[in-house]
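Note sheet for the following structure.
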Amino acid sequence: MATPKNYSVMKAFAILKAFHDPEEWVASSELSRRAGLPEASGYRLIQTLEEIGALVRGPRGRYRPGLLILSLSHNVTINELLRDASQSLMSELAKRLQLTVHLGVLEQGMVTYVAKVSVPGAFAVHTRVGAQLEAYCSGLGKVLLAALPEQEVDSFVLDGELIALTPHTITTKAGLRAELKKVRAQGYAMDDREHKANMRCIAVPVLDREGRAVAAISGTDDAERMSPLRQIEVRDALYDVAATLRQKLYPVAPLLPARKALAAE
């Protein structure tokens, strides 16, 4: 028998999520409206949230998020949330398809590895959680760069030299721009022997509630083993994992397929 839901908790979180900005001051009637609650019951919950410090009351009886929310947010980072939420999904995928699986985020123009799972028999990749990699020559990096606003991409592309790591590495700014345009159109990226000459990697975005890429997840294999048919198999499996991870992180997020997200940016 399923455990009954606590609707008071759900309603309280609906109010907390009703703020459009942490600096916004909102009247209780408007918070109740945004949360889809009757004004009277919404006001009672708002008073309780104020008493525990989750909301603070300001000028003209308006409210904004309180110090309790800020203090709780300091206890965990987005990278920790991503790692913990993804671990079992990545492990299952790595075992099922004999892959090395990475999860990464973009930090100051570099890919930071947030999580990694490899299994016996999978292609060995000498990476570690917390390490960083150039974005232009990796599947993870291309997905994350393609999700940036155009002006941010320009600042990245124009800043620094694109070093050839293999004969297949993209080394021209025009080539990288064209590659990112392709990634946006198709919704996934591929490192086709660009970082290592014997390795292929496919990556897809992990989306937030609004459909923005907050991370990317990839599957890596030996270049010869990653045939066109296997590429499709790995790509589709990554899409499924990314969608499941999104629902774990953002339970009420709309079901926008990851493969369409970059094209929608």
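Assorted remarks:
Residue-by-condition table, conditions (1) in a loop (DSSP other than H, G, I, E, B); (2) at pLDDT 85 or above:
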{"residue": "Ile46", "(1), (2)": "no, yes"}
{"residue": "Leu49", "(1), (2)": "no, yes"}
{"residue": "Arg64", "(1), (2)": "no, yes"}
{"residue": "Val76", "(1), (2)": "yes, no"}
{"residue": "Leu81", "(1), (2)": "no, no"}
{"residue": "Ala122", "(1), (2)": "yes, yes"}
{"residue": "Gly130", "(1), (2)": "yes, yes"}
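- Selection within region 177-218 - part of a loop (DSSP other than H, G, I, E, B), out of contact with any helix residue (DSSP H, G or I) (no Cβ under 7 Å at 6 or more places or on another chain) and crowded, with 24+ Cβ neighbours inside 10 Å: Glu194
- Only one of Pro59, Pro38 that is touching a residue at least 12 places away in the same chain (Cβ under 8 Å), out of contact with any helix residue (DSSP H, G or I) (no Cβ under 6 Å at 6 or more places or on another chain), not assigned by TED's automatic domain parsing to the domain that holds Val214 and not charged (D, E, K, R): Pro59
- Test result for Leu31, buried (at least 20 other Cβ atoms within 10 Å of the Cβ), more than 15 Å from Leu67 (Cα to Cα) and touching a strand residue (DSSP E or B) at 6+ places or on another chain (Cβ under 8 Å): yes
- Test: residue in region 19-26 that is loosely packed, with under 14 Cβ neighbours inside 10 Å, assigned to a helix (DSSP H, G or I) and either at pLDDT 90 or above or not assigned by TED's automatic domain parsing to the domain that holds Ala147 (or both): no
- Test result for Thr100, among the β-branched types (Val, Ile, Thr) and modelled with pLDDT of 90 or more: yes
The values are calculated or read from the model by the stated rules, or taken from the named source; none is laboratory data. Predicted model only: the values in this text are computed from it and were never measured. As a convention, Cβ positions derive from the backbone with ideal geometry for all residues, glycine included, and neighbour counts pool all protein chains shown.
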